[in-house]
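K.L.:
One structure, pasted below without further comment.
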Amino acid sequence: MAKFYYEAKRGPKELITGTVEAESQEAVVEKLNQMGYVPIRIKPADKGSFKIKLTQKAPQKRGTVSGLFKKVRAREVTILTEQLASLVKSRVPLLEAMGVLVEQTENAQLKDVLSNIRKEIRDGRTLSQSLKKYPQIFPPLYINMIESGEAGGVLEQTLSRLSEFRNREEDLRAKVTSALAYPVFIILVGIATVFILLTFVIPRMASLFGDFGQALPLPTKLLLSVSSQIKRYWYLLLALIAIAIIMFKRSGVREKEKEALDRFKLKLPLLGEFLKKTALARFCRTFGLLLGSGIPVFQAVRITIPTLDNEVFKLELEAVRKNIVSGMSLEQSIKKSTWFPRFMANMLAVGEKGGNLEEALLEVASFYEREVDKMTKILTSLLEPAIILIMGLLVGFIVFAMLLPIFQINIGMG
């Protein structure tokens, strides 16, 4: 067996050198990977210069994938995190683990990204540094947690907690979506039914009413007028809806409009409380996870802000972050806001004073998640009959208005 000198990376910054006996340079690379090192250079012990340099960078293909990032779904990233956590837990070297993920990933875009990340790691970069090049796939929360886990030497635990967190987030999102799916379906079916009645059925009956030779009742006149306008200008109505959507998404006014809309939604009787508790559960769960990973409070608040959907809570948390930076405690900052409940502020105060703020946050998150569960059932049980009743009344009015002239003719003939 021949002797080889090697230069390798251990961790994000440490560079080590040494000698190892192996049959070939490829065998040296395999041994170093098994030891958890990232090979940089290898040379035979009897040679004066390096014969192999493993840091030659292959041309990146990020340009070919950058326009397709939307095809990588959040669920795929969650599965990827779970698999990586299992591999790292099984003491598989990170470089080899990334190779396994590249092989078994079916999504072509994600496979390309993972392949590039693996090359970055082989070149001596850390996992978090490699992930930063793909912010469309890996959000700041994800990258900061990985970076913290690498710095503390607890990447395995960080990946496990991150995958658990993402699964909880998906469960919460699924509960909210399922609560609204059936009511939305009923509304869409009702709108389609009314549209068909107004544009196809009623115009054909209008000619029949013209043969009656008598004045039509007010409900029927009103219905025929609405039907005529919709049939004539339906394309303008669709254009106005499309323009409104584009204006809402246009940069520069989107945040102001969204803030006003979110503030209005939070003031609604039942839905507002539901949305508020959903936002609080997400904030506490994310914030607690970041603190448990060793990230400072003010930085954890900054990372948490983009994870929320509600602009009102984003602004409130930005104010909390500024207060913390200026020297105020988390408890005092939270209490200054009118949107955070007193119960939450008191729980955080107890956790802050007792040195277990992370546990307090996770406990509050679990409480609000249970509340969201209860309110989901309440909203579902109330929304479905209410929507059915409204759609029934609307369709009933149309039928009544169409049959009323026929009833009048029969009464007159009697």
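The values are calculated or read from the model by the stated rules, or taken from the named source; none is laboratory data. It should be emphasised that the depicted structure is a prediction, and the values quoted were computed from it without experimental measurement. Cβ placement follows ideal geometry from the backbone for every residue including glycine, while neighbour counts extend to all protein chains displayed.
K.L.:
For region 84-109: of the residues being within 21 Å of the chain's Cα centre (by Cα) and closer than 20 Å to E164 by Cβ, which is surrounded by the fewest Cβ atoms within 10 Å (Cβ to Cβ)?
P.N.:
A85
K.L.:
Of the residues that sit in region 70-99 and are of a type in the set (S, T, Y) and part of a helix (DSSP H, G or I), which one is nearest to I121 (Cα to Cα)?
P.N.:
Among residues in region 70-99 that are of a type in the set (S, T, Y) and part of a helix (DSSP H, G or I), the one nearest to I121 (Cα to Cα) is T81.
K.L.:
Quick test for you: out of V372, V364, V395, pick the one residue that is β-branched (V, I, T), in a helix (DSSP H, G or I), under 28 Å from P269 (Cβ atoms) and modelled with pLDDT of 90 or more.
P.N.:
V364
K.L.:
Hey, any hits in region 155-168 for a residue that's farther than 28 Å from G392 by Cβ, surrounded by fewer than 16 Cβ atoms within 10 Å (Cβ to Cβ) and modelled with pLDDT of 85 or more?
P.N.:
yes
K.L.:
Which one of these is buried (at least 19 other Cβ atoms within 10 Å of the Cβ) and not hydrophobic (A, V, I, L, M, F, W, C): G288, G327?
P.N.:
G288
K.L.:
Mind checking which pairs have a first residue in region 178-192 that is within 14 Å of L379 (Cβ to Cβ) and a second that is of a type in the set (S, T, N, Q) and assigned to a helix (DSSP H, G or I), Cβ under 9 Å, 6 or more apart or different chains?
P.N.:
Sorted first by the residue in region 178-192, then by its partner, the pairs are S178/T376; S178/T380; A179/T376; A179/T380; L180/T380; Y182/T380; P183/T380.
K.L.:
Could you list, in sequence order, all residues of region 100-127 that are among the small types (G, A, S) and outside any loop (DSSP other than H, G, I, E, B)?
P.N.:
A108, S115, listed by residue number.
K.L.:
Step by step: first the residues of region 1-50, then only those that are surrounded by fewer than 14 Cβ atoms within 10 Å (Cβ to Cβ) and touching a Gly at 6+ places or on another chain (Cβ under 9 Å), then the one that is modelled with the highest pLDDT. Which residue is that?
P.N.:
Within region 1-50, the match that is modelled with the highest pLDDT is L15.
K.L.:
Between L188, L159, which is of a type in the set (A, V, I, L, M, F, W, C) and either in contact with a Leu (Cβ under 7 Å, 6 or more places away or on another chain) or not in a helix (DSSP H, G or I) (or both)?
P.N.:
L159
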